[in-house]
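S.K.: Would you mind keeping the following structure in view while I ask a few things?
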Amino acid sequence: MIAIAARRMGYRIHTLAPDADSPTSHVADLEYSAAYDDIDTVKRFADGVDVITLEFENVLTETVDAATTYAPVRPGGHVLYTAQNRLREKTWLHGHNFPVAPFRHITSIEELRSGVENLGTPAILKTAGFGYDGKGQVRIDTPDAVDDAYHELSGQEAVLETFIDFNREVSVVAARGLDGGFAHYGVVDNTHRNHILDVTISPADVSPTVYQEAIKITRGVLESLDVVGVMCVEFFLTRDDTLLINEIAPRVHNSGHFTIDACITSQFEQQVRAVCGLPLGSTAQPQPAAMANLLGDLWQNGEPNWPAMLAHTDVKLHLYGKKDARPARKMGHLTAKGDTSQAAAEKVMAARNALIMPTR
Ligand code: AMP
């Protein structure tokens, strides 16, 4: 979707990804399929372009460093380094006075025992590296569950955090330009299913105080980290209206996908503008909107019912062109606009329900 936005603005696109036939390759001029640690190919790729950006933050530091010697990588290696490890991320956020749930660094069963004693239960144990969408997470409900939870880690470094009994999850997708300019898409409300984003509605129904605070925190994070590009800050909103940062993602984000159809400048065009050193575009959203994800599970009884979904004529279909529809894999999304964000959500959910084929 970044490549499509770049193409529309007249840019040529080269892409590098570990797998061949990646969605970006369908709209790119040149595709390199190489592992991220194939540094020779990374250098050849970087030598052929003017600027590099990423749609996935878990790219190795060596890869980013090698690319940076040929072309600017935006956001920079320091942003990726901080955001690709939960421990570094939480330590950085806490150290810069941004609100996060209480947490502990866990490297041994003893640390986990004392962490659970300190923080209490329920708590969540998360692997420090390479985690997203609830991958590498175990909930600890009672102190006797510590041993089992520790074994699930298989020796990986982890973070233990207090389980937050949140009212809802909200996020702010924002961008920072090369000149320090800042733009944001407001506060959106995210509903998850099995730890994976299911539906986003925009705007979220939050108080003006929460809204201002969420934007202020997001701006502070982008500025303190010196981000160039789009970044998403995901929050828990507690029952007493306190915001706690759950995660930061230094890239275009699933909770900003609605912007393609709903905003003057989509998060993808914004990313292109930011990393190319252009002025940021207007983030105005003339009407409330909603987005529903399409996961691979929808293919479990064969091809989903596209004609039935497309009969919902004011709902927009986005499919990423991924070949294998595996359960829990994000294959595409639907967006709709409405008089209220709830009305828009009802439209995308009805259209998504129409895709479900009966069990044969
Ligand atoms: P994550 O991969 O850390 O974004 O977590 C995925 C989802 O798990 C979140 O969106 C929440 O729904 C849930 N979750 C993660 N951490 C916590 C927590 N400390 N308290 C309550 N729910 C959590």
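The values are calculated or read from the model by the stated rules, or taken from the named source; none is laboratory data. If you're wondering where the values come from, they're calculated on a predicted model, not measured in any experiment. Counting neighbours? That spans all protein chains shown, and the Cβs are built from the backbone with ideal geometry, glycine included. Side chains included, ligands, DNA and RNA excluded: accessible areas come from the protein's heavy atoms. Shrake-Rupley method; radii C 1.70, N 1.55, O 1.52, S 1.80 Å.
S.K.: With the contact rule set at Cα under 8 Å and sequence spacing of 6 or more, what percent relative contact order holds for segment 57-135?
M.R.: Over segment 57-135, the number comes to 30 percent.
S.K.: For Asp240 and Asp40, what is the calculated FRET efficiency with R₀ set at 51 Å and r taken between the beta-carbons, to the nearest 0.05?
M.R.: Computed FRET efficiency for Asp240 and Asp40 comes out at 0.40.
S.K.: While we're looking at this one, here's another question. Relative contact order for the chain: what percent, with Cα pairs under 8 Å and sequence separation of 6 or more?
M.R.: 14
S.K.: Going Cα to Cα from Lys316, which lysines come in below 23 Å? Please leave out same-chain ones fewer than 8 positions away.
M.R.: Leaving aside lysines fewer than 8 places away in the same chain, those within reach of Lys316 are Lys330, Lys337, Lys347.
S.K.: For the chain, what does -39500 (n - 2.57) per DSSP helix run (n ≥ 4), summed and divided by total residues, give at 222 nm, in deg cm²/dmol to the nearest 500?
M.R.: Rounded to the nearest 500, the figure is -8500 deg cm²/dmol.
S.K.: Over segment 97-255, what is the relative contact order in percent, taking alpha-carbon pairs closer than 8 angstrom and at least six residues apart?
M.R.: 24
S.K.: If you don't mind, another one. So, for segment 2-73, what is the accessible surface per residue at a probe of 1.4 Å, expressed in square angstrom?
M.R.: That works out to 55 Å² for each residue.
S.K.: Regarding segment 92-230, what's the average projected area of the Cα-atom convex hull, expressed in nm²?
M.R.: Average projection, Cα convex hull of segment 92-230: 9.4 nm².
S.K.: If each of Phe56 and Met9 carries a label point 7 Å out from its Cα toward its Cβ, how far apart are those two points in nm?
M.R.: Between Phe56 and Met9, the label points sit 2.3 nm apart.
S.K.: Quick one: plug the Kirkwood hydrodynamic radius of segment 1-130 (C-alpha pairs) into Stokes-Einstein at 10 °C, 1.306 mPa s, and report D in µm²/s.
M.R.: My calculation gives 93 µm²/s for D.
S.K.: Placing one identical point scatterer on every Cα of segment 1-67 and ignoring solvent, what is log10 I(q)/I(0) from the Debye formula at q = 0.14, 0.29 Å⁻¹?
M.R.: -0.38, -1.50
S.K.: Which value in nm describes the separation of the simple spin-label points at Glu117 and Met357, placed 7 Å from the Cα toward the beta carbon?
M.R.: 5.6
S.K.: Another question about this same structure. If we restrict to alpha carbons, what Rg and Dmax does segment 102-162 come to, in Å?
M.R.: 10.0, 27
S.K.: Does the chain come out rounded, prolate or oblate by the C-alpha gyration tensor, with a ≥ b ≥ c the root eigenvalues, rounded set by a/c under 1.5 and, if not, prolate when a/b is larger than b/c and oblate if not?
M.R.: In terms of gyration-tensor shape, rounded.
S.K.: Go through 96-109, 230-243 and give me the packing order, highest mean Cβ count within 10 Å leading.
M.R.: Averaged packing, sorted descending, gives the order 230-243, 96-109.
S.K.: For Asp205 and Thr69, compute 0.36 nm times the residue count separating them, minus their Cα-Cα distance, and round to one decimal in nm.
M.R.: Working it through step by step, the gained length comes to 44.4 nm.
S.K.: Of all the Cα-Cα pairs you can form in segment 166-354, what percent are over 23 Å apart?
M.R.: I get 42 percent for the Cα pairs in segment 166-354 exceeding 23 Å.
S.K.: Over what distance in Å are the Cα centres of segment 17-40 and segment 238-276 separated?
M.R.: 25
S.K.: Something else about it: Residue-wise, which Karplus ³J(HN,Hα) couplings in Hz belong to segment 88-93, taking 6.51 cos²θ - 1.76 cosθ + 1.60, θ = phi - 60°, and x for glycine or proline?
M.R.: Computed from phi, the couplings for segment 88-93 are 4, 4, 5, 5, 4, 4 Hz.
S.K.: Report the full-extension gain for the segment Ala328 to Ile196: residue separation times 0.36 nm, less the Cα-Cα distance, to one decimal in nm.
M.R.: Going from the current span to full extension adds 46.7 nm.
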